[in-house]
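What follows is a short report on a single structure.
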Amino acid sequence: MRLYHLLFSALALFAITACEPEESEKKQYPELETLEGTMWYSYDTKQDIYYDIYYNADGEGEMLGYDTSERNEDQLLVERNFTYKYTRATADIDAVVDIWFEDGQRYGGILIPKGNLQVSNKDVYVIQLYELTADGKDILYDENGNIKSTLMMWKE
């Protein structure tokens, strides 16, 4: 009888471990070497504006805002030019993105590698930016202690 108990226990233990899901390997995506020549998407929920953000090869970029997701030329609401700097990730720091708009508004933040976040069930690269002081050293806060302005953009 003891043999049956041992056999049953071993069989139950084997069945339990066999049902455990296999750890899936995390997909590997290439690191972004540069932002040059890339196009990103963004959406402003407060103003209901759909953005296309272009990073040109000369360190300059353009942010175009539309009133629908179709982004028709005749629906262009916002056009802002900016300069940018991209610092690639190292073992010690995340990739850093700095943007200076022509009107003096400045943003800084990080690039989140593809595979960490999804948009519409697709793995995407994400840039999360925060509005900064003119010298770029501190994040700007409103009178209630909340971050004044953020920009989040993504690309597949």
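The values are calculated or read from the model by the stated rules, or taken from the named source; none is laboratory data. All figures in this text were calculated on a predicted structure; none of them were measured in a lab. A quick note on method: Cβ atoms are made from the backbone with ideal geometry, for glycine too, and the neighbour counts reach across all protein chains shown. Just the protein is used for accessible areas: all its heavy atoms, side chains included, with ligands, DNA and RNA removed. Shrake-Rupley method; radii C 1.70, N 1.55, O 1.52, S 1.80 Å.
Summary of values
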read-out: Exclusive hit being surrounded by fewer than 18 Cβ atoms within 10 Å (Cβ to Cβ), at pLDDT 90 or above and small (Gly, Ala, Ser), set GLY109, GLY104; value: GLY104
read-out: Residue selected from region 26-60 under the condition at positive phi and touching a Phe, Trp or Tyr at 6+ places or on another chain (Cβ under 8 Å), by the criterion most open to solvent (accessible area, probe 1.4 Å); value: GLY37
read-out: Qualifying positions in region 61-79 - surrounded by 14 or more Cβ atoms within 10 Å (Cβ to Cβ), assigned to a strand (DSSP E or B) and not hydrophobic (A, V, I, L, M, F, W, C); value: GLY61, GLU62, GLY65, TYR66
read-out: In region 38-52, the residues that are out of contact with any Leu (no Cβ under 8 Å at 6 or more places or on another chain) and part of a strand (DSSP E or B); value: MET39, TRP40, TYR41, TYR43, ASP44, TYR50
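Conditions (1) in contact with a strand residue (DSSP E or B) (Cβ under 7 Å, 6 or more places away or on another chain); (2) open to solvent by 80 Å² or more (accessible area, probe 1.4 Å); (3) free of Cβ contacts under 8 Å to residues at least 60 places away in the same chain; (4) not in a loop (DSSP other than H, G, I, E, B), marked per residue:
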| residue | (1), (2), (3), (4) |
| --- | --- |
| ASN81 | yes, no, yes, yes |
| ASP98 | yes, no, yes, yes |
| PRO113 | yes, no, no, yes |
| VAL126 | yes, no, yes, yes |
| GLU143 | no, yes, yes, no |
